[in-house]
4 protein chains.
Amino acid sequence: MDFSFTDDQRQLRDALRGYLERENSFSARTASARSASGWSESLWRGLADDLGILGVGVAETAGGAGGNAIDMMVASEELGANLLVEPFLETSVIGAAALGAAGGREAELAAIVSGDMRCAFAWAEAESRFDPAAPATAATRTAAGWRLDGRKAVVTAAPYATHLLVTARDGDEPALFLVGADAAGLSLRGYPMIDGRRAADAVFDAVSLPEAALLLRGEEATERLCDIATAMLGAEALGVMRVMLDDTISFTKERRQFGQPIAGFQVLQHRMVDMYMQLELATSAVYRAVLSLDAAPAERARAVSAMKVTVAGACRFVGQNAIQLHGGMGMTDEVRVSHYFRRATVIESEFGSADWHRPRFAALSRAA
Amino acid sequence: MDFSFTDDQRQLRDALRGYLERENSFSARTASARSASGWSESLWRGLADDLGILGVGVAETAGGAGGNAIDMMVASEELGANLLVEPFLETSVIGAAALGAAGGREAELAAIVSGDMRCAFAWAEAESRFDPAAPATAATRTAAGWRLDGRKAVVTAAPYATHLLVTARDGDEPALFLVGADAAGLSLRGYPMIDGRRAADAVFDAVSLPEAALLLRGEEATERLCDIATAMLGAEALGVMRVMLDDTISFTKERRQFGQPIAGFQVLQHRMVDMYMQLELATSAVYRAVLSLDAAPAERARAVSAMKVTVAGACRFVGQNAIQLHGGMGMTDEVRVSHYFRRATVIESEFGSADWHRPRFAALSRAA
Amino acid sequence: MDFSFTDDQRQLRDALRGYLERENSFSARTASARSASGWSESLWRGLADDLGILGVGVAETAGGAGGNAIDMMVASEELGANLLVEPFLETSVIGAAALGAAGGREAELAAIVSGDMRCAFAWAEAESRFDPAAPATAATRTAAGWRLDGRKAVVTAAPYATHLLVTARDGDEPALFLVGADAAGLSLRGYPMIDGRRAADAVFDAVSLPEAALLLRGEEATERLCDIATAMLGAEALGVMRVMLDDTISFTKERRQFGQPIAGFQVLQHRMVDMYMQLELATSAVYRAVLSLDAAPAERARAVSAMKVTVAGACRFVGQNAIQLHGGMGMTDEVRVSHYFRRATVIESEFGSADWHRPRFAALSRAA
Amino acid sequence: MDFSFTDDQRQLRDALRGYLERENSFSARTASARSASGWSESLWRGLADDLGILGVGVAETAGGAGGNAIDMMVASEELGANLLVEPFLETSVIGAAALGAAGGREAELAAIVSGDMRCAFAWAEAESRFDPAAPATAATRTAAGWRLDGRKAVVTAAPYATHLLVTARDGDEPALFLVGADAAGLSLRGYPMIDGRRAADAVFDAVSLPEAALLLRGEEATERLCDIATAMLGAEALGVMRVMLDDTISFTKERRQFGQPIAGFQVLQHRMVDMYMQLELATSAVYRAVLSLDAAPAERARAVSAMKVTVAGACRFVGQNAIQLHGGMGMTDEVRVSHYFRRATVIESEFGSADWHRPRFAALSRAA
């Protein structure tokens, strides 16, 4: 709560912030999102080559920066504030964590560090909804390794990923597989998200995989991976909300009504105080979740689910008020707050909405 | 409240609904919104020629259908449910009301009925925000008539309007002028709204107008026009919310989790009941506002402002829950609920947010 | 919604209001509530003799005023505004409706009109909670009539009732019995409610009843009786909220902070507007529910449950804000708003909380 | 956040909890509150003699336990959980802090430790409302010392206090005076609070005080004292909410509806999760505020005001849901949750409501 960053973490944050301001201004970012491909390869390469940030969570032995969860949180918050569309979360958080947990895999980890690998996380299914530990997609053992059959929905970043991280059921047990985006039998149908990123529905029709495609197995390994992803999504949300609050304060100081800046109206001041307080509560919850990622499974899951409920509420409150306090301008693509609002709306349900995390939290609280 | 439509009104509703389902399916509508022009001339012509709906509120003496406020409400609700991007509200509600109140103007009213005129309502300004009765744009008398100087912001439908209805200040008094979109000295800068419609910022640089450009004058006339517009926007919101609720119920019946349709989860059922109740409350408020449009100014304004506060809250509650109950799919452009959600978000602040209407209501309540 | 009372109804309202101001001032009412008996026999007699209000809903053939549901609503609202502790709802609404529906029973109805009978409605049970149609209390046929065995909880007004209206199960079917408060085998344990009224837990240990004790039978008859009671409780709530709002407006006009009346603070003004709007929404819902009491069962139940959800929310919002806007004074027994707040808190859950009525509404909506 | 108590603090908590369970059971506590005097002298003596808790925050040099803010927080939470009516906050928090800050005053501090002194804090005024730094009560210099003139409202514990701590204005500057309850010219009018404690309105009519009556002077000293009081009130609120949540969980496990414990209903489970989360957020905020009591004034005030807003919201949410989830029983004096609910309602506005602390927080945030 009275969280103090180390000097290194402050340097990381400042370097990343400065770099993104220069290299991925809001107009550059929007141009990437609206381009045919939906992302910027040169920015991605720059994040790897100029900053080395893509390997922030990869062990030094594999060529990464060997950062801890706090380092990753710092980076995620800045990338959120920049509204980055490139798949840092999917690649450098989820991909790095899965490959790291799998053991070995130095070549693949090096490809993350260098920017050669871009991941997408294919876990959600229309049938099983948000439960990552119970996929309907089937993994069947074959002589050569594995065969995957099933469907995944709303796989963000899939249209520009080199690899998919796919959850599938081996018998009763969930498992995670690394699948090349060009695998035979894998077909993708892409579409835009409301926040400007791209996603795809994926069909796995007898996709053949080598033995080594299996990265993780078991409910706990799957849940841990999702908890890490959710925690870093929470950090990203902090950056998104920070920009919305800053923009709203600036806007209301500039605009005038009845002869005074609208920021002077008591009702709007109180609203902005409440936005600020929501952001502070969300910040505390994210820190706590990040610090619990290496704790016992139940404690970790509890902190992450509590955080997601808090962050979801904050995203809704801060986002809705930010856009409405901008008045008519907030309803146009002209001001960036409308884009941040849409990102906040997506984050609210990403990796499970409050409706999903509340009973998970409750179940763990009863067990405790 | 126990509002009963007449047979004619039911026929109007059914005819309009059927026509729009055939002629402006969701994919056709989205194609129009994404086209270069941002609207469909053929649909507009069809609404005029096939249905005669553009003149629903125009007097029969001017070739219109001579409908009353309830007829217009019925039409507005259906057009809202269709997520129409074409400027019915600006033209057939605001334009027809302004020209009708001005007296005479048969030729222009006929152009509304025939579909030849498309209006945009240029009233909002960055400086004066939501107060339509106190524009900073100046109208100056000239030998030939009038000269307009000023700037208007977020003029929806301006990029495809033939005429702008412009509020301006003549001395201390607000007034309304009809300006051709091709007037010398008028420049527009267009951009998309987050709900798929187009808007523009407009600059009036010594725009010369004939005497007859003046349509209305005085605070009461201006406020009445905005109240009519706001009431019909409220009706439109009912249609928007109805579709979101219907789609959410259908979606939650189809999707399954833990072996049962997610509609079976008590928490989600209660949420949908609350959405339904919000829609019912909004419906009562809209009926009441529409029925008060011909009442005394204070009573009319009070009912309209109370309605807007209620509708704004309902739009937020129904919209947010609709999109979140759709899970990940709700976050994509693939399902129509995400488009309706964005329209509901815009409606929340259009013609004044709850923060604007609440003190207006309060001031009128104290006066009473 | 644009509900217009008849002249008779306005007269009834004004006469009742004037009478209560004279005869049951707030200090007189509080003295009654705090007296050993917890009520005032002289006030009760006055309501019967001076106003004839206890028979407002009793047929003229039985000596009553033959009023309709609107008349009863008008009376209930005024009695709510007076914070009456005497059992009008239990006697003149529930008792009169049950005896009226039973047919015959002129002597008992006359005792209601004259003030000789005071009822309590014994329906809630610790086990079956709010479901009046499924009591665990058992009614067994005997040679002489009936035998009752069971327990009822929180029977308001029981400590000063002459008769209890008791729901019990005859086989699978719910039924309603009239039981004298002095019946052998009936024991009561009284205690105060937080709103100043008295209640009791009742034990029925082989209570023998004559054949004629049976008033009503069947789920529909029981539900209808509860719906009537709930609708009139809603009307009572309107009176309670009206006083809280009036007192809050007065208080904030008198009190000063930083040199101006606190009513001048924008944030508090908006709060009071929201309180007012909640009261208006609740009023619409109560009218609608009252007007549906003779409609088909499903429509009636739906309107009543929707109303109770709306009224419960309004009671919480208006009550909480009323007491908090009174500052420290609101937290004392000195100002009457703290008593109205406690009554509003009780009403929120009386005859089923929002959590109970929401699924009931949902079930009926699906059936429709 | 991951706050760890020391062994001593855990011992303090356990000892206090055990003692209160034995010596101040809920029925004993309620008997004290309802007694003629409204408090229990023997319990107060026991807290001093058996536990030494009244001097928890008094320096060891003055005979106290020399505890820090965390120790006081631990004690306050337990006393809140016990719903203590005796004036620990007024005496052992506010009185001890004021006398400690004044310097010297060993005799008076010793009287706090021994239980001989009981304080009340007379700061609120009808005119100046919640602003402790701008009292209207006047302090005038005299030859002998001071003269006080003014009125204070809702002075909790005043009816059984030996001393009043009175804020008054010396010229432009606020100051704090220690006044014996039997001082000539001081008159009290006592009344009950809705939470069972007693309060009084106090009139100071030319009350003569010796020079030494002046304890503190200046805005910062006054604000600091109020911030300490508010922080400990927040700790007390944690105890109050903990009991309400525990009682609600137990109650919903015991009660059955439709054949299952009502705790099994998903909607109620989610509600209880939200109650739990509100309590966790409030806990974090209280810890942060307590830890900031010795920080720079702006940081301290900011943390305390943020905490009060958070705690006020939590008190309302937890309190309202606790009482409503108890159904009809929650509305009686029979179950203790109704008493805790009333205490939570009072705490919401004590030492300034959210409406007061929100702009204070905003002003400090802008200054930062």
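The values are calculated or read from the model by the stated rules, or taken from the named source; none is laboratory data. Keep in mind that what you see is a predicted model, and the values were worked out from it rather than measured. Cβ coordinates were reconstructed from backbone atoms using ideal geometry, including for glycine residues, and neighbour counts include every protein chain displayed. When the accessible area is computed, the model is the full protein with side chains, heavy atoms only, and any ligands, DNA or RNA have been set aside. Shrake-Rupley method; radii C 1.70, N 1.55, O 1.52, S 1.80 Å.
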On a C-alpha basis, how far is the centre of the range B:65-123 from the centre of the range A:86-158 in Å? Whole number, if you could? 54 Å
Residues of the range B:186-201 losing 50 Å² or more of accessible surface, assembly versus chain alone, probe 1.4 Å, please list them. B:Ile194
Gyration tensor (Cα) of the range B:1-49, equivalent ellipsoid semi-axes in angstrom: 28, 12, 9
Measuring from label point to label point, each 7 Å out along Cα→Cβ, what is the B:Asp50 to C:Glu220 span in nm? 4.6 nm
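Leaving out ligands, DNA and RNA, calculate the buried accessible area for the pair B and C with a 1.4 Å probe, summed over both sides, in Å² to the nearest 100.
2300 Å²
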Taking amide hydrogens as modeled 1.01 Å from N in the peptide plane, which residues meet the under 5 Å criterion relative to B:Gly145, leaving out close sequence neighbours? none
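Using a/c under 1.5 as the rounded threshold, could you call the range B:67-107 rounded, prolate or oblate? The axes a ≥ b ≥ c are square roots of the C-alpha gyration tensor eigenvalues, and prolate needs a/b larger than b/c, oblate otherwise.
The shape class here is oblate.
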Give me the Kirkwood hydrodynamic radius of the range D:185-269 in Å, from all C-alpha pairs, to one decimal place? 18.0 Å
Cα-based shape type of the range D:129-197, given that a ≥ b ≥ c are square roots of the gyration tensor eigenvalues and the cut on a/c is 1.5: oblate
Proximal lysines relative to D:Lys152, as straight alpha-carbon distance under 28 Å, when same-chain residues fewer than 8 apart are discounted: C:Lys253, D:Lys308
When you look at the Cβ of every residue in A:117-126, what mean number of other chain Cβ atoms sits within 10 Å? 1
Rg to Rh for the range A:231-284: what is it, with Cα atoms only and Rh by Kirkwood? 1.09
Bin by bin, in steps of 10 Å, what percent of the Cα pairs in the range A:121-250 do you find, going until the bin that has the longest distance? 13, 40, 30, 11, 5, 1, 0
Ignore the peptide's own chain and count Cβ atoms of other chains within 10 Å of each Cβ in A:269-275; give me the average, rounded. 6
Tell me the net charge near B:Glu173. Cut-off is 9 Å between Cβ atoms, B:Glu173 excluded, with +1 for each Lys or Arg and -1 for each Asp or Glu. -1
Taking all protein chains in place and a 1.4 Å probe, what share, in percent, of the accessible surface of chain B do carbon and sulfur account for? 50 percent
Measuring label to label, 7 Å along Cα→Cβ, what does D:Thr140 give against each other copy in nm, shortest first? 6.4, 8.3, 9.9
Could you give P(r) for the range B:329-368, binned at 10 Å from zero, as whole percent values over all Cα-Cα pairs? 28, 29, 22, 15, 7
Chain-alone versus full-assembly comparison, the range C:286-322, residues with accessible loss of at least 30 Å² (1.4 Å probe): C:Arg288, C:Arg302, C:Arg316, C:Gln320
Where Lys and Arg each count +1 and Asp and Glu each count -1, what net charge lies around D:Glu78 among other residues with Cβ under 15 Å from its Cβ? -3
Based on alpha-carbon positions alone, could you give the equivalent ellipsoid semi-axes of the range C:57-202 from the gyration tensor, as √(5λ), descending, whole Å? 25, 20, 14
Principal axis dimensions, the range D:234-350 - Cα atoms, whole angstrom, descending: 57, 27, 15
Under the rule of at least 5 residues apart or a separate chain, name every residue whose amide H is placed under 5 Å from the amide H of C:Leu216. C:Leu176
For the protein assembly as shown, the dipole about the Cα centre with charges only on Cβ (Lys and Arg +1, Asp and Glu -1), to the nearest 20 debye, works out at 0 debye
Distances in nm from C:Asp50 to the matching label points in the other copies, shortest first (labels 7 Å along Cα to Cβ): 5.3, 7.1, 8.6
Using every alpha carbon pair in the range C:289-368, what percent of pairs falls into each 5 Å bin from 0 up to the bin containing the largest distance? 3, 16, 20, 17, 13, 11, 8, 6, 4, 1
Give me the 1.4 Å probe accessible area per residue for the protein assembly as shown, excluding ligands and nucleic acids, in Å². 34 Å²
Along the charge dipole of the range C:310-366, which of C:Ser338, C:Gln320, C:Ala354 sits closest to the positive end, that is, farthest toward it, with unit charges on the beta carbon of Lys, Arg, Asp and Glu (+1, +1, -1, -1)? C:Ala354
Size of the range B:88-143 as Cα extents on the principal axes (Å, biggest first): 36, 32, 17
Paramagnetic reach from D:Glu41 in the range D:138-161 [backbone N under 20 Å; point 7 Å along Cα→Cβ]: D:157-161
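Percentage of Cα-Cα pair distances in the protein assembly as shown greater than 69 Å, rounded to whole percent?
10 percent
Please give the average number of partner chain Cβ atoms lying within 10 Å of the Cβ of each residue in D:351-363, rounded to a whole number.
If you average over the peptide's residues, the count of other-chain Cβ atoms is 4.
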Cα centroid of the range B:295-367 to Cα centroid of the range C:215-256, whole Å: 28 Å
Using DSSP, restrict attention to beta bridges with both residues in chain A and report what percent are antiparallel, rounded to the nearest 5. 85 percent
For n ≥ 4 DSSP H runs only, could you compute -39500 (n - 2.57) per run for chain B, divide by its residues and tell me the 222 nm figure to the nearest 500? -16500 deg cm²/dmol
Other-chain or far-sequence residues with amide H under 5 Å of A:Val56's (modelled H): A:Ala65
Please find, among residues of chain A, the one with the beta carbon closest to the rotation axis relating it to chain C, distance in whole Å. A:Gln266, 2
Calculated FRET efficiency, D:Val203 and D:Thr142, Cβ-Cβ r, R0 22 Å, to nearest 0.05? 0.70
Using the Karplus curve 6.51 cos²θ - 1.76 cosθ + 1.60 with θ = phi - 60°, work out ³J(HN,Hα) for each residue of the range B:55-71 in order, rounded to whole Hz, and write x for Gly and Pro. x, 4, x, 8, 4, 4, 4, 9, x, x, 8, x, x, 9, 4, 5, 4
Two-decimal ratio, chain B, of alpha-carbon radius of gyration to 2.2 N^0.38 Å: 0.99
